[in-house]
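Visitor: Take a look at the following structure, please.
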Amino acid sequence: MDAAEWATIFDPLAKFEPDELSQVVRESASIELARCERHERRSWFGKFLVAASYVVMICGLIVSGIVFLMVLRVRPEEFQAGLQIFCAAGFLAGCLTVLHWWVDWLTTPYRQWSRTVLGIAAMEGACAAGSLAALYVRLPELSDRWLLMIPSWLLLLLAIASVPLVFRFTHHEKPPAVDLQSLTPKQVEYLIAYRRKALKVLRARSIVSYPLFDELDQSPLT
């Protein structure tokens with residue numbers, strides 16, 4: 001499991017042990033190192049595309065929610081062609097959001113169970129399902145507008161398909177262990193930054209205090 005994801009689901013009532021975090025970092029170190037090294041091999045244009053895809057993903061989540069609210073609240077007589085095109089674009093942006101997380105996850109070695117992929121798919125699927133229900137109930141005259149309906153159905157089907165596909169493509173075996181003593185200084189930096197992400201989540205959840213955060217962040221990998 002990803003260290004930041006582990007920190008997200010850590011029981012706030014349980015006693016935090018630094019060794020638990022160290023174990024999670026060690027067990028997922030090979031995955032994180034492969035991801036970081038793949039990022040370093042990309043050209044500047046490839047890195048730009050990756051950064052742009054994250055912007056598209058965030059916009060897709062926001063726009064999908066806006067479209068859902070608009071379909072619920074806009075009066076039928078106000079649902080003109082321009083608004084229909086905006087809603088269709090919102091559904092397509094939602095599709096790109098789901099696909100973004102799918103590509104990122106599928107290209108990760110030793111893919112572990114991903115709550116993030118399922119969570120994104122669930123949110124987008126809920127927006128699509130709610131929008132479709134509202135369209136058929138409030139605006140049945142638009143049910144034959146393929147420009148509007150096809151993107152919404154595509155988003156819903158993509159979100160539903162994500163559930164069995166996560167089960168299908170998850171690697172259930174553990175990734176190979178990493179010998180921390182054999183790592184290069186650059187790889188050690190990767191893993192320290194990786195551990196820091198988890199520590200920030202734990203600090204934000206008030207599981208780790210600020211003094212303990214500084215102490216653990218400055219400690220060597222074990």
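Visitor: How big is the chain on each of its three principal axes, counting only the C-alpha atoms and giving the largest first in Å?
Guide: 66, 40, 32
Visitor: Nearest 500 deg cm²/dmol is fine: what mean residue ellipticity at 222 nm does the chain get from its DSSP H runs of n ≥ 4 alone, each adding -39,500 (n - 2.57), divided by its residue count?
Guide: Values: 9 runs with 162 residues, N = 222.
Dividing the helical sum by the residues of the chain leaves -24500 deg cm²/dmol.
Visitor: Let me ask another. Considering the chain as a Gaussian network with a 10 Å cut-off on Cα pairs, which listed residue, 140, 164, 185, attains the greatest mean-square fluctuation?
Guide: Residue with maximal mean-square fluctuation among 140, 164, 185: 185.
Visitor: So if I place +1 on the C-beta of Lys and Arg and -1 on the C-beta of Asp and Glu, and nothing else carries charge, what would the dipole magnitude of the chain be about its Cα centre? I want it in debye, nearest 20. Walk me through the numbers before you get to the answer.
Guide: On the way: 22 positive and 22 negative charges, 66 e Å.
For this selection, approximately 320 debye.
Visitor: Would you mind working out the accessible area per residue for the chain, using a 1.4 Å probe, and quoting it in Å²?
Guide: On the way: 12550 Å² over 222 residues.
The answer is 57 Å² per residue.
Visitor: Rounded to the nearest 10 Å², what accessible area does residue 110 show when all protein chains are kept and the probe is 1.4 Å?
Guide: 90
Visitor: Please count, across the chain, the pairs of lysine residues with Cα atoms under 23 Å apart that sit 8 or more places apart or on different chains. Intermediate results must be reported in sequence, preceding the final value.
Guide: Details: 15/197; 15/200; 47/186; 47/197; 174/197; 186/197; 186/200.
The result is 7.
Visitor: Let me ask you something else. Starting at the first residue of the stretch 188-198, write each ³J(HN,Hα) from the Karplus equation 6.51 cos²θ - 1.76 cosθ + 1.60 with θ = phi - 60°, in whole Hz, x for Gly and Pro.
Guide: 5, 4, 4, 6, 5, 5, 5, 5, 4, 4, 5
Visitor: Roll a 1.4 angstrom probe over the protein heavy atoms and tell me the percent of accessible area of the chain that is carbon or sulfur. Present the calculation step by step, with values, prior to reporting the outcome.
Guide: Details: 8290 of 12550 Å².
Carbon-and-sulfur percentage of accessible area, whole number: 66.
Visitor: Could I ask something else about it? Quick one: angle between helix 44-73 and the longest Cα principal axis of the chain, in degrees between 0 and 90, rounded to 10, please.
Guide: Roughly 50 degrees between the two axes.
Visitor: Could you check the spin-label model distance between residue 34 and residue 99? Points 7 Å from the Cα along Cα→Cβ, value in nm.
Guide: Taking the two extended label points, one gets 2.4 nm.
Visitor: Whole percent per 10 Å bin, from 0 to the bin with the longest distance: what is P(r) over all C-alpha pairs of the stretch 95-222?
Guide: Spelled out per bin, shortest first, that is 11, 25, 26, 20, 11, 6, 1.
Visitor: Right, another one. Taking the Cα atoms of the stretch 147-222, what is the range of coordinates along each of the three principal axes, in descending order and whole Å?
Guide: Rounded to whole Å, the extents work out to 55, 32, 21 Å.
Visitor: Just to check, using Stokes-Einstein with a Kirkwood Rh over alpha carbon pairs, what's the diffusion coefficient of the stretch 37-153 at 4 °C and 1.567 mPa s in µm²/s?
Guide: Numbers: Rh = 15.5 Å.
After rounding, the answer is 84 µm²/s.
The values are calculated or read from the model by the stated rules, or taken from the named source; none is laboratory data. Remember, predicted model here, so these are calculated numbers, not experimental data. Please note: Cβ atoms are built from the backbone with ideal geometry, for glycine as well, and neighbour counts cover all protein chains shown. Note: areas computed on protein heavy atoms with side chains; ligands, DNA, RNA excluded. Shrake-Rupley method; radii C 1.70, N 1.55, O 1.52, S 1.80 Å.
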